[in-house]
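A.B. asks: I have a structure here, written as structure tokens, and I will follow up with some questions on it.
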Amino acid sequence: MSATNSIRILLVDDHAIVRAGFKMLLESVSGIHIVAEAERAEMALQLYLDYQPDVIVMDLSMPGIGGLEGIRRLRARHPDAKILVFSVHDEAVYVSRAMTAGATGYINKNSAPELLVQAIQYVARGVPFIEAGTEKRTHPADLRNPEIDYKQLINNLSAKEFDIFCLLAKGLTARKIADELCLGYKTVANYGTQIKAKFAVSSVAELTRIATAYGIINNQP
């Protein structure tokens, strides 16, 4: 932390209104200051160099390289970077992938404001902080091929494959995913084909069933 003991935050979220709300909340707390904001992980890489924040508060679901790959690249270039994931996803697979990529902490966006402040204070000191209850729902349903280790396949997906797998499982078309992630349509289509091949399935519906079984998406109405 800086000499003034103020925790300097880089806030990374692709929704401006969300950033505005979090900025208002955090800057009402003594000893916390937002020094910069980014709407994509790519921007965070440069802003980290410019501002040297004590903690990066980062969403996972963003266009471009996305939060998971952003975490990996930040930690690869700046091993001392401290990253707190602040995401709507509370499923175990997201927590595991984020922490494996190099995050120091993980909490849900529905958490109480005081928990966010506590998590930032822990992470600023380099102390890992994972919100209780976020590592849950890893209960496979009746899947077509029980001999396939779907959990291992999911863990082995690259950050971009994982993002596309999740969006496909949620029912987005390749064109919508291309727009969401700022990728070419053919690139997304190729990823989709590769992902289906890895899981030995032929349809998006089967990907959805796998994602639901492992708690990656909630298919409840």
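A.B. asks: Inspect the range 64-73 for any residue being within 20 Å of TYR122 (Cβ to Cβ) and either touching a Pro at 6+ places or on another chain (Cβ under 7 Å) or surrounded by fewer than 22 Cβ atoms within 10 Å (Cβ to Cβ) (or both) and give the result as yes or no.
C.D. replies: Let us first name the residues in the range 64-73 that are within 20 Å of TYR122 (Cβ to Cβ), namely 67, 71.
Now narrow it down to the ones that are either touching a Pro at 6+ places or on another chain (Cβ under 7 Å) or surrounded by fewer than 22 Cβ atoms within 10 Å (Cβ to Cβ) (or both): none.
Within the range 64-73, not a single residue is within 20 Å of TYR122 (Cβ to Cβ) and either touching a Pro at 6+ places or on another chain (Cβ under 7 Å) or surrounded by fewer than 22 Cβ atoms within 10 Å (Cβ to Cβ) (or both).
A.B. asks: On to the next question. Inspect the range 121-128 for any residue being surrounded by 20 or more Cβ atoms within 10 Å (Cβ to Cβ) and either of a type in the set (Asp, Glu) or modelled with pLDDT of 85 or more (or both) and give the result as yes or no.
C.D. replies: Here is the first cut: in the range 121-128, the ones surrounded by 20 or more Cβ atoms within 10 Å (Cβ to Cβ) are 123-124.
From what is left, the residues that are either of a type in the set (Asp, Glu) or modelled with pLDDT of 85 or more (or both) are 123-124.
Checked the range 121-128: at least one residue is surrounded by 20 or more Cβ atoms within 10 Å (Cβ to Cβ) and either of a type in the set (Asp, Glu) or modelled with pLDDT of 85 or more (or both).
A.B. asks: Right, another one. Might you let me know whether the range 177-188 holds any residue that is small (Gly, Ala, Ser) and at pLDDT 85 or above?
C.D. replies: Here is the first cut: in the range 177-188, the residues small (Gly, Ala, Ser) are 178, 184.
Of the ones still in play, those that are also at pLDDT 85 or above are 178, 184.
Within the range 177-188, one or more residues are small (Gly, Ala, Ser) and at pLDDT 85 or above.
A.B. asks: Further question on the same structure: Taking PHE86, is it at pLDDT 85 or above, in contact with a helix residue (DSSP H, G or I) (Cβ under 6 Å, 6 or more places away or on another chain) and either of a type outside the set (Asp, Glu) or within 16 Å of ALA213 (Cβ to Cβ) (or both)?
C.D. replies: Taking the combined requirement at face value, the residue does not satisfy it.
A.B. asks: For VAL188, state whether it is in a loop (DSSP other than H, G, I, E, B), closer than 24 Å to GLU91 by Cβ, more than 18 Å from the chain's Cα centre (by Cα) and of a type in the set (A, V, I, L, M, F, W, C). Talk me through it step by step, then tell me what you get.
C.D. replies: Working: in a loop (DSSP other than H, G, I, E, B): no; closer than 24 Å to GLU91 by Cβ: yes; more than 18 Å from the chain's Cα centre (by Cα): yes; of a type in the set (A, V, I, L, M, F, W, C): yes.
Against the criterion (in a loop (DSSP other than H, G, I, E, B), closer than 24 Å to GLU91 by Cβ, more than 18 Å from the chain's Cα centre (by Cα) and of a type in the set (A, V, I, L, M, F, W, C)), VAL188 does not qualify.
A.B. asks: Among the numbered conditions (1) surrounded by 18 or more Cβ atoms within 10 Å (Cβ to Cβ); (2) within 22 Å of the chain's Cα centre (by Cα); (3) part of a loop (DSSP other than H, G, I, E, B), tell me where ILE154 comes up short.
C.D. replies: (3)
A.B. asks: Next question. Could you list all residues from the range 14-38 that are modelled with pLDDT under 95 and of a type in the set (D, E, K, R)?
C.D. replies: Within the range 14-38, ASP14, ARG19, LYS23, GLU27 meet the criteria.
A.B. asks: Would you check which residues across the range 63-82 are within 20 Å of CYS166 (Cβ to Cβ) and over 8 Å from the mean Cα position of the chain (by Cα) and list them?
C.D. replies: Keep residues of the range 63-82 that are within 20 Å of CYS166 (Cβ to Cβ), which gives 63-73.
If the condition is that a residue be within 20 Å of CYS166 (Cβ to Cβ) and over 8 Å from the mean Cα position of the chain (by Cα), then PRO63, GLY64, ILE65, GLU69, GLY70, ILE71, ARG72, ARG73 are the ones that fit.
A.B. asks: Oh, and also: With respect to LYS109, is the statement that it is under 26 Å from MET24 (Cα atoms), at pLDDT 90 or above and of a type in the set (Lys, Arg) true?
C.D. replies: Details: under 26 Å from MET24 (Cα atoms): yes; at pLDDT 90 or above: no; of a type in the set (Lys, Arg): yes.
No: the conditions fail for LYS109.
A.B. asks: Out of the range 16-50, which residues are β-branched (Val, Ile, Thr), under 21 Å from the mean Cα position of the chain (by Cα) and crowded, with 17+ Cβ neighbours inside 10 Å?
C.D. replies: We begin by selecting, within the range 16-50, every residue β-branched (Val, Ile, Thr); these are 17-18, 29, 32, 34-35.
Now narrow it down to the ones that are under 21 Å from the mean Cα position of the chain (by Cα): 17-18, 34.
Residue satisfying the conditions is ILE34 alone.
The values are calculated or read from the model by the stated rules, or taken from the named source; none is laboratory data. Since the structure is predicted, the reported quantities are computational estimates derived from the model, not experimental observations. Reconstructed Cβ throughout: ideal geometry from the backbone, glycine too, with neighbour counts over all protein chains shown.
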